[in-house]
Amino acid sequence: MGQPVREYLLTLCITAAVTYLLTGPVRKFAIAAGAMPEIRARDVHREPTPRLGGIAMFGGLCAGLLVAAHLTNLKDVFELSNEPRALLSGAGLIWLLGVLDDKWGVDALIKLGGQMIAAGVMVLQGLTILWLPVPGVGPVSLTPWQGTLLTVALVVITINAVNFVDGLDGLASGMVCIAAAAFFMYAYRIWYGYGLESAAPATLFAAVLMGMCLGFLPHNIHPARIFMGDSGSMLIGLVLAAGAISITGQVDPDAMKLFAGSETAAVHATVPVYIPLLLPLTVIAVPFADLVLAIVRRTWRGQSPFAADRGHLHHRLLEIGHSHSRAVLIMYFWSALIAFGAVAYSVNSVGTWFVMAIVALSGVGLVLLLLPRFTPRVPRWAEGFVPPRYRRGNREAAEAAADAGAVAEGGAEDGAAAGQAAEESAPQPVPAGINGATAIGDRSRFTHRRRIGTPQ
């Protein structure tokens with residue numbers, strides 16, 4: 001069992017290395033190709049940043065699959081199953097669609113159609129859901145049409161969920177990497193724990209997906225030097241969906257031979273059989289919740305579900321006072337808690353301690369979410385152990401500055417006019433250069449809100 005682990009580790013490292021090494025040249029290519037769109041109202045970055053990071057990620061995917069096809073144990077996956085070729089075909093189509101969107105922009109309905117075509121290509125090559133393990137009923141066989149519709153729906157939902165959450169530096173790549181790690185643990189246990197070769201493709205997909213995200217993440221952490229764009233977010237979403245489809249609809253639950261002993265023991269033993277119904281949703285629980293909330297919010301306002309806005313979960317974390325890095329880490333925390341919690345629940349040895357640990361970690365997560373709502377009062381003797389913003393002297397100075405600003409704002413009307421004239425006479429910021437690293441300046445990214453009664 002040790003040798004397959006080394007081969008998976010080698011595949012992961014090769015994928016990560018190729019992705020990492022390709023990202024630098026891809027960044028220069030994106031700048032030269034003009035794939036640096038202007039900053040939009042909903043963006044949180046402050047300078048134009050090149051996209052097309054998905055090109056490097058697709059190169060890492062191809063390299064990882066190529067290396068795995070020549071390894072002693074993993075090459076059997078390519079000989080016994082057509083799923084890796086199906087994944088590569090669908091990934092190539094969705095990646096090409098994403099590259100076109102990053103450079104020239106593609107209509108939302110056209111992208112939706114392209115996602116369905118990519119999913120259909122994978123279905124035609126055998127990567128589809130054949131049956132579903134239904135609790136209390138057992139495996140339920142699906143007709144070809146039912147399997148196709150369910151597969152396409154899962155692919156489209158996962159792709160758009162990952163695409164919607166790609167709003168902060170390093171957020172999408174980190175969350176998908178966490179999900180892939182949890183998924184790898186589950187798929188590897190099914191393959192080598194129960195001896196089911198049909199779980200091998202999903203295990204390989206998870207390892208390659210981790211390598212793609214880990215290789216790209218150093219270039220994408222805040223402040224990001226390059227964005228993955230739709231070419232990357234849709235690609236990793238498709239790979240994640242492919243692994244979920246493979247292990248959900250291809251693994252025969254009866255082959256695990258768990259139905260033995262008392263009824264209670266049998267129900268507890270069959271938990272790993274039914275986890276695939278939940279795991280594809282738990283690994284993208286946070287992006288999926290963001291997707292549902294976005295659709296409801298935009299529909300309620302009479303907008304298109306594909307209309308962009310600043311109401312996503314990561315935007316709300318920034319609005320309540322979290323920093324960019326803290327907002328990303330909080331999203332990481334909740335993703336890991338849900339994904340690894342679902343995997344741990346599939347292990348038969350879990351008990352009361354597991355539930356208590358989940359409750360405790362959830363409480364920690366809630367405290368982190370509400371952290372900007374209050375300012376802790378640190379004693380004088382403990383000020384040396386906390387960041388400067390929590391020290392009494394700095395807090396009192398900040399409050400005094402805020403009071404002075406409030407008094408200045410309530411001054412005469414000519415003072416407001418003078419301030420506006422000074423702002424207009426100030427030199428305009430220099431636009432970003434060709435290297436994409438010139439800051440725009442301290443100008444606010446949001447629409448200026450003037451007080452009532454002050455001149456425009």
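The values are calculated or read from the model by the stated rules, or taken from the named source; none is laboratory data. From a predicted model like this one, the values you see are computed outputs, not experimental measurements. For neighbour counting, all protein chains shown are included, and Cβ atoms are generated from backbone atoms with ideal geometry for every residue, glycine included. Surface accessibility is based on the protein's heavy atoms, side chains included, excluding ligands, DNA and RNA. Shrake-Rupley method; radii C 1.70, N 1.55, O 1.52, S 1.80 Å.
Considering (1) under 26 Å from residue 225 (Cα atoms); (2) open to solvent by less than 30 Å² (accessible area, probe 1.4 Å); (3) modelled with pLDDT under 90, say which one residue 164 fails and leave the rest.
Residue 164 satisfies all of (1) under 26 Å from residue 225 (Cα atoms); (2) open to solvent by less than 30 Å² (accessible area, probe 1.4 Å); (3) modelled with pLDDT under 90 except (2).
Pick from 93, 142, 80: which is at pLDDT 90 or above and hydrophobic (A, V, I, L, M, F, W, C)? Lay out the reasoning, then the answer.
On the way: 142 fails: at pLDDT 90 or above; 80 fails: at pLDDT 90 or above.
Criteria check complete, one pass: 93.
Within the range 188-243, restricting attention to residues that are out of contact with any Asp or Glu (no Cβ under 9 Å at 6 or more places or on another chain) and hydroxyl-bearing (Ser, Thr, Tyr), which residue is farthest from residue 15 (Cα to Cα)?
This residue is 194.
May I ask you to verify whether residue 208 is part of a helix (DSSP H, G or I) and modelled with pLDDT of 90 or more? Before you say what the answer is, go through the steps one by one.
Values: part of a helix (DSSP H, G or I): yes; modelled with pLDDT of 90 or more: yes.
Judged against the criteria, residue 208 is a match.
The rows are residues; the columns are (1) touching a strand residue (DSSP E or B) at 6+ places or on another chain (Cβ under 8 Å); (2) crowded, with 21+ Cβ neighbours inside 10 Å; (3) at pLDDT below 90; (4) over 15 Å from residue 219 (Cα atoms).
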{"site": "14", "(1), (2), (3), (4)": "no, no, no, yes"}
{"site": "30", "(1), (2), (3), (4)": "no, yes, no, no"}
{"site": "44", "(1), (2), (3), (4)": "no, no, yes, yes"}
{"site": "56", "(1), (2), (3), (4)": "no, yes, no, no"}
{"site": "62", "(1), (2), (3), (4)": "no, no, no, yes"}
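Which of the residues spanning the range 192-223 are open to solvent by 10 Å² or more (accessible area, probe 1.4 Å) and more than 16 Å from the chain's Cα centre (by Cα)? Don't jump to the end; show me each part of the working.
First, the residues of the range 192-223 that are open to solvent by 10 Å² or more (accessible area, probe 1.4 Å): 192-198, 210, 214, 217-219, 221-223.
Hits for the range 192-223 are 192, 193, 194, 195, 196, 197, 198, 223.
Scan the range 142-158 and report the pairs whose first residue is in contact (Cβ under 8 Å) with a residue 40 or more places away in the chain and of a type in the set (Gly, Ala, Ser) and whose second residue is part of a helix (DSSP H, G or I) and crowded, with 18+ Cβ neighbours inside 10 Å, with Cβ atoms within less than 7 Å and a gap of 6+ or a chain change.
Close Cβ pairs satisfying both conditions: 147/249.
Given the structure, is residue 80 open to solvent by 20 Å² or more (accessible area, probe 1.4 Å), more than 22 Å from the chain's Cα centre (by Cα), in contact (Cβ under 8 Å) with a residue 12 or more places away in the chain and more than 30 Å from residue 316 (Cβ to Cβ)?
On the way: open to solvent by 20 Å² or more (accessible area, probe 1.4 Å): yes; more than 22 Å from the chain's Cα centre (by Cα): yes; in contact (Cβ under 8 Å) with a residue 12 or more places away in the chain: yes; more than 30 Å from residue 316 (Cβ to Cβ): yes.
Answer is yes for this residue.
For residue 234, only one of the following conditions fails: (1) more than 24 Å from residue 88 (Cα to Cα); (2) at pLDDT 85 or above; (3) part of a helix (DSSP H, G or I). What is its number?
(1)
Quick check on residue 158: is it closer than 30 Å to residue 9 by Cβ, open to solvent by 30 Å² or more (accessible area, probe 1.4 Å) and among the polar types (S, T, N, Q)? Reasoning before the result, please.
Working: closer than 30 Å to residue 9 by Cβ: yes; open to solvent by 30 Å² or more (accessible area, probe 1.4 Å): no; among the polar types (S, T, N, Q): yes.
Against the criterion (closer than 30 Å to residue 9 by Cβ, open to solvent by 30 Å² or more (accessible area, probe 1.4 Å) and among the polar types (S, T, N, Q)), residue 158 does not qualify.
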